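Colleague: Can you read through this structure? Questions will come right after.
The values are calculated or read from the model by the stated rules, or taken from the named source; none is laboratory data. Just so it is clear, the structure is predicted and the values come from calculations on it, not from any experiment. Here the Cβ positions follow ideal geometry from the backbone for every residue, glycine too, while neighbour counts run over all protein chains shown. These area figures cover heavy atoms from the full protein model, side chains too; ligands, DNA and RNA do not enter into them. Shrake-Rupley method; radii C 1.70, N 1.55, O 1.52, S 1.80 Å.
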Amino acid sequence: MCSSNNLYKNPKPCKHLADYKLKNGLCGYNLIQDCFKTTPYGRTSLEISKSDIPRCSICSGCQGRFYMCLICSSVLCCLSSESNHVLLHSQSQTGHEISVDIERAELYCSVCCDQVYDPDFDKSVMCKHVMGFSRTENGVEESELRLSKRRRLSFGMDLDIKNMKRLFFRRDQKSKSCFPLGLRGLNNLGNTCFMNSVLQVLLHAPPLRNYFLSDRHNREICRKMSSDRLCLPCDIDLMFSAVFSGDRTPYSPAQFLYSWWQHSENLATYEQQDAHEFFMSMLDRIHDKEGKSSLATKDNGDCQCIAHRAFYGLLRSDVTCASCGFTSTTHDPCMDISLDLSTCNSSPKDLASKSSKPNESLVGCLDLFTRPEKLGSDQKLYCENCQEKQDAVKQMSIKKLPLVLCFHIKRFEHSHTRKLSRKIDRHMQFPFSLDMKPYLASSIVRKRYGNRIFSFDSDESDISTEFEIFAVVTHSGMLESGHYVTYLRLRNQWYKCDDAWITEVDEEVVRASQCYLMYYVQKMLYHKSCEDVSCQPMSLRADTFVPIAGCC
Amino acid sequence: MRHSVNRPPTPDTRDDREKEPTLKEIISIKLIESGEKERLMELLRERLVESGWKDEMKALCREYIKKKGRNNVTIDDLVHVITPKGRASIPDPIKAELLQRIRTFLVSATPL
């Protein structure tokens, strides 16, 4: 399994810190613990005296950064490189090199002129923080070790190579295309591009593809076992067989559509619908059918249906009291992440500022998603520590990453007040390779407490945070009358799936498209699926490429 | 008994400085003692984050670190390099808002 990102490895202590630790051990950290106080919003700071402002013991100044020496507790200032009294202090007294930044409660070495890190110091900060709210269980989560077994990534979901080979060798000799196997156009059955686009994604999502092509949902057995003739996974299985059969003529998912209509009567129209809604309803239906069986749940309660195994993630929501810093944490399951466009609502202040608005990007949206958000004064929440309603700050982060990450960009704005809906057409950049590490709960929570080398949620380190994109669903046109197209990335080549038409396209086309749903899969699964038999081009002749045209 | 020597009291450098606190220092002390400074700091932090200033500074820091090499930069370096840029790029509306808050505070804190 991959090792954790080296961004957060414990840095080696400088010589002076090491010497300090040797001589003094933890007693300095423990003594200073009494001075830690939690500022509003959850940061930790040093409070030397309740009434007096910090004054430098060398110059009595009250400006600049202040440090407290860990050996003699004298307070020193550092105004500039010329007026650096904390350095002066360490030069006049040997052994007094390590001090604590008063504003931030972080370690500083005056000889190295740099911040230094010690897990023991951070532990004492965090302990104080936790103990400060002794009335409830805040923070205990972070130091608690999960006793449940570590989740193992099972690549390929017990891929049964032999079974797959049997399917694939029924080649269509007339096929000229050198496309990878499994690429087949889907006929539009009347405004069903929303369905076709999502189906193309599911047909090529590595966990789902491997699951269905390994015959894990066997139609005969299913029919025998359940009296309920309606089974969406069976229809999906049928579709997989058809699409991966080698036949290149566009396929009409009529059976599937009919089946889906029967499951959701209110959506059984020929009207244009939302692809994201369809995607969520698909996952629901798969879960409904598969999640009910007795083998469905693991020891820790996680559902084992294929929809959950592929897409299930956990979001962490922290609400911090703006008055006392107490934080309460909840976890919510999620099957996708809906993101607001970040430069959407600009206040007049922003327009006046000199800084030019950055281009919209996925990273920007994720930053916005995990940014601390001040809740309005009409949303005061009850703080257990203060025992009254207070203003609060909310921050989201990701506790558990799924195998397949789906990002939904909220381009359709529905305003209840003005009773109108509109589509936001702004272009959004997105990377092909994405590292989700900065958005994990461990990274976000770590940042909140300052620069700490305290390990939060040790569980997370065994899951990879690197993802590769494999599908993009784009929307063009207006809210009521638009068109969905999916771009698939197979073996590093992009293919445009526009209903029945499949064409090879360049990267630039995909980058310039207006993304609506983006699907990223864990890097290892992506690379493994590129090597799979299923992706080998079938034709032996290196034909010039012929776009698949179908009749609709 | 006579005083053995008539001489002025030994000048203490600390006393000298404490004798005449500047107006700036007086205001600063008043702000801190009343807790207003902490509130203003939080307000300032919020505004600077909202306006994107913090992200700009982060980007500048990253650029600098990339240029110099991760192991060749100390926090003092960064502070020294970024401070002038940071000070210069604070949006005017934020300055105005804080000045207004400080003025209001002074008016209310000064006895008539």
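Colleague: Condition first: exposed (fewer than 15 other Cβ atoms within 10 Å of the Cβ) and more than 10 Å from chain A (Cβ to nearest Cβ). Now tell me which residues in segment B:77-87 satisfy that.
Modeller: Across segment B:77-87, the qualifying residues are B:Pro84, B:Lys85, B:Arg87.
Colleague: Would you please name the residue that is farthest from A:Arg371 (Cα to Cα), looking only at residues in segment B:66-76 that are part of a helix (DSSP H, G or I) and either open to solvent by less than 50 Å² (accessible area, probe 1.4 Å) or in contact (Cβ under 8 Å) with a residue 40 or more places away in the chain (or both)?
Modeller: B:Asp76
Colleague: Within segment B:38-45, identify whether any single residue is over 15 Å from the mean Cα position of the chain (by Cα), open to solvent by less than 70 Å² (accessible area, probe 1.4 Å) and not polar (S, T, N, Q), and answer yes or no.
Modeller: no
Colleague: Listed residues B:Glu42, B:Glu46, B:Glu50, B:Glu18; which is out of contact with any helix residue (DSSP H, G or I) (no Cβ under 6 Å at 6 or more places or on another chain) and modelled with pLDDT under 80?
Modeller: B:Glu18
Colleague: Would you pick out the residues in segment B:88-112 that are within 18 Å of the chain's Cα centre (by Cα) and open to solvent by less than 40 Å² (accessible area, probe 1.4 Å)?
Modeller: B:Ser89, B:Ile90, B:Pro91, B:Ile94, B:Leu98, B:Phe105
Colleague: A further question on this structure: Of these, B:Leu99, B:Leu43, B:Leu48, which one is within 27 Å of A:Ser323 (Cα to Cα) and more than 13 Å from chain A (Cβ to nearest Cβ)?
Modeller: B:Leu99 is the lone residue from the list that is within 27 Å of A:Ser323 (Cα to Cα) and more than 13 Å from chain A (Cβ to nearest Cβ).
Colleague: Given the criteria more than 14 Å from chain B (Cβ to nearest Cβ), open to solvent by less than 70 Å² (accessible area, probe 1.4 Å) and at pLDDT 80 or above, does A:Ser361 qualify?
Modeller: No; evaluated as a whole, the condition is false for this residue.
Colleague: Just checking, which of A:Phe179, A:Phe169 is among the aromatic types (Phe, Trp, Tyr), modelled with pLDDT under 85 and either touching a strand residue (DSSP E or B) at 6+ places or on another chain (Cβ under 7 Å) or surrounded by 14 or more Cβ atoms within 10 Å (Cβ to Cβ) (or both)?
Modeller: A:Phe179
Colleague: Being touching a strand residue (DSSP E or B) at 6+ places or on another chain (Cβ under 8 Å) and of a type in the set (S, T, N, Q) is the filter here, so list the residues in segment A:250-273 that pass it.
Modeller: A:Ser252, A:Gln272, listed by residue number.
Colleague: Further question: State which residue is nearest to the other protein chains (Cβ to nearest Cβ) when the search covers only segment A:364-373 and only residues that are open to solvent by 20 Å² or more (accessible area, probe 1.4 Å) and touching a strand residue (DSSP E or B) at 6+ places or on another chain (Cβ under 6 Å).
Modeller: That would be A:Pro372.
Colleague: Can you work out which of the residues in segment A:68-83 that are within 10 Å of chain B (Cβ to nearest Cβ) and open to solvent by 20 Å² or more (accessible area, probe 1.4 Å) is nearest to A:Asp19 (Cα to Cα)?
Modeller: Here the answer is A:Ser81.
Colleague: If I filter segment A:374-395 down to residues being assigned to a strand (DSSP E or B) and in contact (Cβ under 8 Å) with a residue 24 or more places away in the chain, which single residue comes out as most open to solvent (accessible area, probe 1.4 Å)?
Modeller: Checked segment A:374-395; the qualifying residue most open to solvent (accessible area, probe 1.4 Å) is A:Lys374.
Colleague: Considering only residues that are open to solvent by 30 Å² or more (accessible area, probe 1.4 Å), more than 10 Å from chain B (Cβ to nearest Cβ) and outside any loop (DSSP other than H, G, I, E, B), which ones fall in segment A:86-122?
Modeller: Of everything in segment A:86-122, those that are open to solvent by 30 Å² or more (accessible area, probe 1.4 Å), more than 10 Å from chain B (Cβ to nearest Cβ) and outside any loop (DSSP other than H, G, I, E, B) turn out to be A:Leu88, A:Gln91, A:Ser92, A:Pro119, A:Asp120.
Colleague: For segment A:396-429, enumerate the residues that are touching a residue at least 12 places away in the same chain (Cβ under 8 Å) and over 14 Å from the mean Cα position of the chain (by Cα).
Modeller: Within segment A:396-429, A:Lys410, A:Arg411, A:Phe412, A:Ser421, A:Arg422, A:Lys423, A:Ile424, A:Asp425, A:Arg426, A:His427, A:Met428, A:Gln429 qualify.
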